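One structure is given here, and the rest of the page talks about it.
The values are calculated or read from the model by the stated rules, or taken from the named source; none is laboratory data. Everything numeric here is computed off the predicted structure, so don't read it as measured data. Note that we place each Cβ from the backbone using ideal geometry, even for glycine, and neighbour counts take in every protein chain shown. Heads up: the accessible areas ignore ligands, DNA and RNA and are worked out on the full protein's heavy atoms, side chains in. Shrake-Rupley method; radii C 1.70, N 1.55, O 1.52, S 1.80 Å.
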Amino acid sequence: MKKHQLILITWLALLIGSLRPAAAQEVAHVNIGAMIVCELASSTNIPPSFSGDGCTTMNGRLVSPHKRAIWLRMTVDIPETMAHSPRPLGLFISAKAASRAWVNGQLIGNNGEPAHNAEAEVPGRMDAVFPVPHGLLHAGENTVIIQMSGHHGYIGLVSPIHFIAIAAYAAPSDTILREYMPSLLPLGVLVLGALYFGVLAIRRRDYGPRLLIPLTALFSAAQLLAEVSRGFTPYLYPFHDIRLVLILAFAVATGVSLFLHVLTRFLGKHRWLIAGISLVIYAALLLFADGFDRKSSLALLLPSLYAMMIAVYASARGAKLAGGYAAALFLFSGLIFFTPTQFLDTYFYYCVAGLLLFLFIGEIRDHQRERRLREREKARADKLQVILDESRERESPTNIKITSAGKVEFIPTSDIAFCKGAGDYVELGVKGRAPVLHSQSLNDMEAELPGTFLRVHRSYLVNTAFIRALEREASGAQLILTTGETVPVSRRILPSVRKALA
């Protein structure tokens, strides 16, 4: 099995493992399908009768405390086992509002200070829990009254009340973080991918499609951190608007980076005209979409569809890897389209990490292919240089000044078969005469000799014009020279010697 296939299978196994259902917890949800909602002019903190003017029965999912103060009355059906459970219970309210709660006529706590104006209101936490005194609840119908205000919110949401429930008492941030925990597994892939491929692109000064892959990973990681911040700290409800804007902004940045990567990789002519038209349509559709969840889904779906169409077109024209891009983007877009809400909550970061793994593998293969090409080009250039040096040496041999025993002489480098290092001296094997000892280090001499000399060992330089054969032995390898002498070849240098002699 190929390495990249093993990586993708392992990632799929992690995804499946993360989607196992959590252990069931007994929860009594408040009946928010139909509740009595009152908006009163008075500033009293005493619950109203819920029967006078200003009160109406409506679908609780459409109730909004944004920029106003309201009272809610609802019922919750408590199972027998929960009513007599020894475990402490809590009333959980997740809403963009400050709140105060009563259960069966008894005040059980405040989350901030709800009020009729922004000056008097103290913002509450987005996710709050009120401890319910033991014995206050009974099996069957129980009444819950909540006073809410949301004067410090920035954005009016379609459903600012996320849920109201009674369950075993626990810190809301802990419960939320447990739900988000599986989404944290891909974070390492996203961050490491962003760092590795970002550094690689910058080192290669490639600020085109290759830099867009680490940017996609970086924006996706930032979106993940913005998403799970709700589980890290029990923030005040005004920050929720900022969090939603950050999630949407990073989703847009992720989608656009992915689209531009595919565009610049597979299209040449008219690509910026196509990019401009696509992004204008994209911005218009996002602007008119309802709700942040839908906007965030579209922010990823539309660029993925654009990129998929480009990849399909490039594949039809025979572009390498375009078919794989088209298939990966088709699966990615399909998951967003058919499971938009679940996608954002559960699948998103695994799918992005899986998609980026596919892109990373493609980049690694491209990088390896380019490296092999550069190595072949360098080998051809080195061989050409050796040929040129040999030709130049034959036409006009270079003389090198040799100092030995107080005597100076000039020896043509074309007559030197090899150089052997011996401390601060070099022993020269010269054609037709006895070895000559030269007072210079081997490294210094290597810098003076022409390119026809090849380093084959820590202590040996060899003139390639004198090499007759390369022999392998049990103890290593050696070069047979035309002078009849042998020179050892280092195991470490052997591959480059073979390449030079090829």
Relative contact order of the range 107-247, defined on C-alpha pairs under 8 angstrom at six or more residues apart (%): 30 percent
Positive dipole terminus of the range 416-502, leading residue within CYS419, VAL436, VAL489 (C-beta point charges): VAL489
VAL489 long-range amide H proximity, modeled H, under 5 Å: ALA477, GLN478, LEU479
Average accessible area per residue (Å²) across the chain - probe 1.4 Å, nucleic acids and ligands excluded: 52 Å²
Rounded percent of accessible protein surface that carbon and sulfur make up, the chain, 1.4 Å probe: 60 percent
Helix-only mean residue ellipticity at 222 nm for the chain, each DSSP H run of n ≥ 4 adding -39500 (n - 2.57), per residue, nearest 500: -15500 deg cm²/dmol
Positive dipole terminus of the range 138-250, leading residue within PRO186, TYR196, SER229 (C-beta point charges): TYR196
Estimated dipole of the chain in Debye, rounded to 20 [Cβ of Lys and Arg +1, of Asp and Glu -1, Cα centre]: 2060 debye
Once the Cα gyration tensor of the range 157-252 is diagonalised, semi-axes √(5λ) in Å: 34, 15, 9
Burial order of peptide ranges 161-174, 211-224 (average beta-carbon count within 10 Å, highest first): 211-224, 161-174
Accessible area (Å², 1.4 Å probe, nearest 10) - ARG125: 90 Å²
Relative contact order for the range 408-490, counting Cα pairs under 8 Å that sit 6 or more residues apart, in percent: 22 percent
Local net charge near GLU427, Cβ-Cβ under 15 Å (Lys/Arg +1, Asp/Glu -1): -1
Calculated Rg and Dmax of the range 412-502 using C-alpha coordinates, Å: 12.4, 36
Overall dimensions of the range 183-342 by Cα: Rg and Dmax, Å: 16.4, 54
The chain: relative contact order as a whole-number percent, Cα under 8 Å and 6+ apart: 10 percent
Cysteines having no other Cys beta carbon under 4.7 Å from their own, within the chain: CYS351, CYS419
Accessible-area order (highest first, 1.4 angstrom probe) of the listed residues TYR196, TYR460: TYR196, TYR460
